[in-house]
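These notes concern the structure reproduced below.
We did not get these values from a lab; they are worked out from the coordinates using the rules stated. Everything numeric in this text was worked out from a predicted model, so none of it was measured. As a convention, Cβ positions derive from the backbone with ideal geometry for all residues, glycine included, and neighbour counts pool all protein chains shown.
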Amino acid sequence: MQVRYTISILLLALLCGFLVTACSSPPDDAIMDAEDAIKAAISAGADDDSPKLLDRSRRYLQEAKMLSEQGNYKEARKKAASSVIQANKAKKNAERLSGVEVPSEAAPVEEAPAEEPASGEKTE
């Protein structure tokens with residue numbers, strides 16, 4: 001009786017382990033996001049202006065792909081997210097160095113004040 005109970009518990013634990021493993025999915029979306037971020041950084045000129053950040057992003061992406069192939073999806077997602085962060089930093093740095101003004105969501109847009117007519121001029 002004790003042997004059946006032990007075997008049942010072991011089989012149940014094994015089944016739960018398979019279910020948990022089967023439920024986790026590969027981080028395909030995260031890897032695609034990292035690839036897109038790298039492409040955007042390259043388009044902004046990061047190859048010339050931020051090569052170290054861009055290389056780091058590419059390295060993280062490669063690590064994410066290897067981890068995903070090995071089935072370590074949680075770590076693969078972390079590496080892909082790190083790749084996106086580095087690519088975004090490279091892009092912003094390239095834009096800053098190239099003089100492209102990046103609009104900030106926090107900074108309000110100010111309008112130029114209307115010119116007042118000089119004294120003696122007619123206003124319509």
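Table for the structure above
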quantity: Gain upon complete extension [Asp28, Lys74; 0.36 nm per residue less C-alpha separation]; calculated: 15.4 nm
quantity: Burial order of peptide ranges 75-81, 65-71 (average beta-carbon count within 10 Å, highest first); calculated: 75-81, 65-71
quantity: Alpha carbon Rg of segment 26-98, scaled by the compact-globule rule 2.2 N^0.38 Å; calculated: 1.06
quantity: Cβ crowding within 10 Å averaged over residues, with 48-55, 37-44 ranked highest first; calculated: 37-44, 48-55
quantity: Approximate spin-label separation Gln62-Ala81, in nm, with each point projected 7 Å along Cα-to-Cβ; calculated: 2.4 nm
